[in-house]
Amino acid sequence: MSNYHIKHLEEYFNVYRKSVRDPELFWEEIAEEHFVWRKRWDTVLEWDFKKPEIKWFQGAKLNITENCIDRHLAANGDKTAILFEPNDPAELAQQITYKQLSERVNQFANVLKSKGIQKGDRVCIYLPMIPELAISLLACARIGAIHSVVFAGFSSTALATRINDSDCKMVITADGSYRGSKAIDLKGIVDEGLTHCSSVESVLVVKRTNAAIKMIDGRDEWLQPILDDASIVCEAEIMDAEDPLFILYTSGSTGQPKGMVHTTAGYMVYTAYSFKNVFQYRPNDIYWCTADIGWITGHSYIVYGPLANGATTVMFEGVPSYPDCGRFWEIIEKHKITQFYTAPTAIRALAKEHMDFVTKHDLSSLKVLGTVGEPINEEAWHWYNDNVGKKKSPIVDTWWQTETGGIMISPLPGITATIPTYATLPLPGIQPALIGDDGQEIKGNQVDGKLCIKFPWPSIARTIWGNHDRYRETYFSAYENMYFTGDGALRDEVGYYRITGRVDDVIIVSGHNLGTAPIEDAINEHPAVAESAIVGFPHDIKGSVLYGFITLKETGEGRNHENLRKEINQIISEHIGSIAKLDKIQFTAGLPKTRSGKIMRRILRKIACNEMENLGDISTLLNPECVDEIIKERL
Ligand code: WT7
């Protein structure tokens, strides 16, 4: 027996031990008993972290949509696969059964084929949270096209960069999107972005807002009329285990985002397995993850993981504050949600609102609560536990990354005893290690260090699209034979992990990963700006916000600083998106630098966080005098 579903703590420890003792046997049994394959694998795992090269289930043939859809049809064709809750509560929710999902995915897949999309082609998806988003991912997977979803809050420049990086042949978008009381001109953003993209041959447009938009002849087409003519039958393309399933971009320490490549079999096995266990999903549960499918959380735990388990997965188009701040709780009551998975930033924002928003709704259907994206502070954890879970729904604080594909460290609800701010224990198959300043692994408990993973797991990203060197550099060069996560962590006296945050130049704002480099690159394009440095500082709702230290080309006299601040944030919105706007902008005559010219962000971070007492030795700086001025004019 493969222990696909862990039910109690002793079983977890047994399964975990087995997964470390013999990872290949462990994953092979799970793969064998819980998925459908067109051909069995020849080897379970081949790996070399030096190259790095990681291959799971080599030789196997499959299609992930047969696992997520077709195999459920006989017994569960009429079960709801996707439950769509629109932005406007007056609009009816939609229940899409597995049978209907099958038909809609196949039709969409046939449309892609008719537009010349073939196995291996890249398709960019830039859609709001409407059913067509999930369906378009699955339609790509059906025919072996590689999807690259770009979060529909990103700007036209960010969209164009991502389309060009992977030479997408097609863009799937909508006329517009709803966000609360606002409608956003998505198609206009696409049109603007595509003026910088030569690889795109066609654009399929979903009608959502009925906004008047421009359709470009020979390039743009409305989706619905072509869908209506398409057959509901589409043979699944038979894929190799290691064929790419999708690319998803994440920010890094240079301006160019990293296109993380996830492949087929391992990703499927791990997301399905982790979904089942972390949410303890049972057949009649109604599971809701509030993330956007534009992030990895949505890929793995709205679409692939839940559907591979034949689950009912909720897609919510709107925002937590519309029409009022009770929307999440209203939806939980309306659909009798059993598992609710959201981000600490949303919890902190809603905890600030009047308690009536929560108490007027019946939340008794809830069994499991989850969080993801950043460390959850103790206060938010207790608020969530007391008011949403009423102390009877365990909170799973799930730690993972775009790169890991699935949840790595998390309690199993009702099984692992939880402690606020602790992600607790690794899932089976995950072997964490903490590394000290000397580069050596720190054994034992009550220690802290940089968090690495010692052994491959099935859903690890295999490369960065078009840049395998950067993949090696970023994740496998810091420590020999280890995957380096970029996070720091501590392990307490019982072996529980607590993630302490990033140890690199990535700042997490409202759960979104922002690299400092791309923001600085954008700011530096302003003609008046000489140099800039961005650091994060704590914020009670967003977790962190951005503080920019900016030097101007001229002393700045004659320039209105308020206008400059607006212009700088405008440039950031255009290049990256409004999520990356700076909360504070301080103009300064100089930035602290090492003698080799490297900006000392560590000092700026301390100043921004008002921790001036321990700036460390600044006498070795190239320009120590600028530090006093920066402190004096701190905002
Ligand atoms: C980074 C990855 C995984 C999906 C969403 C984010 C931080 C994530 C937690 C958590 C503390 C967390 C880490 C990680 N993070 N979950 N439960 N506790 N920190 O994916 O955008 O790739 O960001 O988010 O710093 O490295 P991502």
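No lab work stands behind these numbers, since they all come straight from the coordinates. All values derive from a computational prediction rather than experimental measurement. Counting neighbours? That spans all protein chains shown, and the Cβs are built from the backbone with ideal geometry, glycine included.
If you take the C-alpha gyration tensor of region 342-388, multiply each eigenvalue by 5 and take the square root, what semi-axes do you get, largest first, in whole Å?
In descending order, the three semi-axes are 18, 13, 8 Å.
Apply the Karplus parameterisation 6.51 cos²θ - 1.76 cosθ + 1.60, with θ equal to phi minus 60°, to every residue of region 58-64 and state each ³J(HN,Hα) to the nearest whole Hz, in sequence, with x for glycine and proline.
4, x, 6, 10, 6, 9, 5
Taking Cβ-Cβ under 4.7 Å as the only way to count a partner, pick out the unpartnered cysteines of the chain.
Cys68, Cys140, Cys197, Cys234, Cys289, Cys325, Cys452, Cys609, Cys626
Show me the helices of the chain, taken as full DSSP H stretches, that run 15 Å or more along their long axis by Cα and average -0.5 or above in Kyte-Doolittle hydropathy.
Answer set is 131-143, 265-278.
Pick out, in residue order, every one of the GluC sites (Glu not before Pro) in region 573-635 that is DSSP loop and has at most 15 other C-beta atoms within 10 Å; say none if there are none.
Qualifying residues, ordered by number: Glu611, Glu633.
Could you bin all the Cα-Cα distances of region 232-306 into 5 Å bins starting at 0 and give me the percent of pairs in each, rounded to whole numbers?
3, 13, 19, 20, 19, 16, 7, 2, 1, 0
Quick one: if the Förster radius is 30 Å, what FRET efficiency do Glu525 and Ser181 give, using the C-beta to C-beta distance and rounding to 0.05? Mind showing how you got there, number by number?
Working: r = 32 Å, r/R0 = 1.08.
Plugging the Cβ-Cβ distance into 1/(1 + (r/R0)^6) gives 0.40.
Give the lysines reachable from Lys51 as a straight Cα distance under 19 Å; neighbours fewer than 8 places away on the same chain don't count.
Lys258, Lys454
So what is the relative contact order for the chain, in percent, with contacts set as C-alpha pairs under 8 Å and at least six apart? Don't jump to the answer; show the numbers that get you there.
Working: 1368 pairs, mean separation 76.2, N = 635.
Dividing the mean separation by the residue count of the chain yields 12 percent.
Thinking of the chain as a set of Cα atoms, what percent of all their pairs are more than 44 Å apart?
18
Hey, if you put +1 on the Cβ of every Lys and Arg and -1 on every Asp and Glu Cβ in the chain, which of Ala517, Ile568, Leu591 ends up farthest toward the positive end of that dipole?
Farthest towards the positive pole: Ala517.
Express the relative contact order of region 529-635 as a whole percentage, based on alpha carbon pairs under 8 Å and six or more residues apart in sequence.
The normalised contact order for region 529-635 reaches 28 percent.
What's the exposure ranking of Thr342, Thr418, going from fewest to most Cβ atoms within 10 Å?
Thr418, Thr342
Please name whichever of Val529, Ala145, Tyr273 sits farthest to the positive end of the charge dipole of the chain, dipole taken about the Cα centre and charges placed at Cβ: Lys and Arg +1, Asp and Glu -1.
Highest projection toward the positive end goes to Tyr273.
Under a point-charge model restricted to the Cβ atoms of Lys and Arg (+1) and Asp and Glu (-1), what is the dipole moment magnitude of the chain relative to its Cα centre, in debye to the nearest 20?
Values: 67 positive and 83 negative charges, 119 e Å.
I would put it at about 580 debye.
How much length, in nm to one decimal, is gained on full extension between Lys454 and His354, taken as 0.36 nm per residue of separation minus their Cα-Cα distance?
The span from Lys454 to His354 would gain 31.4 nm if fully extended.
Which three extents, in angstrom, do the Cα atoms of region 172-237 have along their principal axes, listed largest first?
For region 172-237, the Cα spread along each principal axis is 39, 31, 22 Å.
Take the cross-link list Lys79/Lys276; Lys581/Lys606; Lys214/Lys334; Lys276/Lys392; Lys553/Lys598; Lys584/Lys606 and give me the ones stretching past 26 Å between alpha-carbons.
Flagged as over cut-off: Lys214/Lys334.
Once you order the gyration tensor axes a ≥ b ≥ c over the Cα atoms, which shape class does region 507-632 get: rounded for a/c under 1.5, otherwise prolate or oblate by comparing a/b with b/c?
oblate
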